[in-house]
1. Could you give the length gained by full extension between residue B:71 and residue B:31, i.e. 0.36 nm per residue of separation minus their alpha carbon distance, to one decimal place?
2. If I stretch the segment between residue A:30 and residue A:77 completely, what's the gain in nm (0.36 nm per residue apart, minus their alpha carbon distance), one decimal?
3. Averaged across the residues of A:100-107, what count of C-beta atoms belonging to other chains lies within 10 Å of each residue's C-beta?
4. Among A:14, B:56, A:190, whose Cα sits farthest toward the positive end of the charge dipole of the protein assembly as shown (+1 at Cβ of Lys/Arg, -1 at Cβ of Asp/Glu, about the Cα centre)?
5. Taking a virtual spin label 7 Å from the Cα of residue A:60 along the C-beta vector, which residues in the stretch A:162-206 bring their backbone nitrogen under 12 Å of it?
6. Take the alpha-carbon centre of the stretch A:122-179, take the same for the stretch A:90-114, and report the distance between them in whole Å.
7. In whole Hz, what ³J(HN,Hα) sequence does the stretch A:142-148 give by Karplus (6.51, -1.76, 1.60; θ = phi - 60°), x for Gly and Pro?
8. Give me A:117, A:105, A:160 sorted ascending by neighbouring Cβ count inside 10 Å, so fewest comes first.
Amino acid sequence: MKSSLIVFTCFVAGLLIGFISQVDFQILNDLSMWLLYLLMFIVGISIGADRRLTEMIRKTNMRDILYPIVTIVGTLILTLSITPFLNQLSVGDCLAINSACGYYSLSSILLPELSTSTTLISAVEIGSIALLSNVLREILSLSCMPTITKRFGPRSAISSAGVTSVDVCLPAIARCCGEKYVAPAILHGTIIDISVPWLIAVFTSI
Amino acid sequence: MIILILVLLAGAIIGRIFLQGRKLRISKLLMFTVALLIGVLGYNIGSNPEITTALPRLGLISVILGITGMIGSIIATYFVDKFLNR
């Protein structure tokens with residue numbers, strides 16, 4: 001809980017500074033990418049230094065392929081159950097937005113192109129919703145990672161991260177769930193990563 | 001994403017060759033870098049006018065959808081995990 005709070009505070013502080021200071025620091029945009037590289041490198045070193053590496057790879061099995069499917073299905077079922085309350089959006093668009101599982105960069109670009117929205121909310125705005133909701137999923141998963149791991153187990157923490165379990169959330173997964181979950185998390189993120197464009201295409205067409 | 005995985009692999013190879021079997025204390029370093037990363041992410045969102053102007057009108061729908069998707073996957077995985085590890 002304590003580390004969740006620290007991370008969340010950092011996020012809010014960054015948000016406020018970004019909002020108040022009107023100067024656009026391009027360097028900070030690049031910095032996030034470099035920080036991510038640094039994180040991946042550190043995680044890599046800690047996996048490499050761990051003697052259980054070969055055992056970890058050997059233990060990757062069919063179950064690890066099942067979990068990303070559970071992540072997508074779980075996301076879609078609960079989304080479907082709340083669509084009656086979101087009458088500004090069509091069912092297909094709701095499912096398409098959430099099928100991105102945290103993949104905000106792709107969904108916010110794909111959805112305005114593919115959405116055939118006839119409701120009050122335009123296709124361009126659906127792109128904005130996809131961006132906001134999927135960014136939120138990433139931020140919440142990252143900041144609540146320790147709590148989710150504790151309450152629901154490491155598999156649920158990986159699932160919560162969705163597609164970001166392969167990049168942004170991977171260092172946090174390594175830290176909170178342990179290094180043995182790094183390989184399943186990479187597989188989880190990669191499978192969702194490949195599925196998202198297809199899912200969005202399918203749901204926007206219904 | 002491919003570059004990220006390559007960086008991870010490079011780290012793993014270096015760790016394997018030079019540091020194998022040593023007890024590394026990188027938990028704090030990881031925590032610090034994650035906090036820094038999310039601070040920068042927050043900054044990027046806060047300084048993006050496209051997001052901040054859409055926030056008042058589309059914010060609530062986005063929050064509902066984002067949280068629903070996340071909770072759905074957590075619950076589904078929790079029960080599948082329980083079922084598989086009976």
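Throughout, read-outs are computed from the coordinates displayed, never taken from laboratory work. Remember, predicted model here, so these are calculated numbers, not experimental data. Every residue, glycine as well, gets a Cβ built from its backbone with ideal geometry; the counts of neighbours run over all protein chains shown.
1. Net length gain for the segment: 12.0 nm.
2. Computed gain between residue A:30 and residue A:77 is 13.3 nm.
3. Rounded to a whole number, the mean comes out at 1.
4. Result: A:190, furthest along the dipole toward the positive end.
5. Answer for this model: A:181-191.
6. First find each Cα centre; the distance between them is then 16 Å.
7. These are the phi-based 3J(HN,Hα) values: 5, 6, 9, 3, x, 5, 4 Hz.
8. Listing A:117, A:105, A:160 from fewest to most nearby Cβ atoms yields A:105, A:117, A:160.
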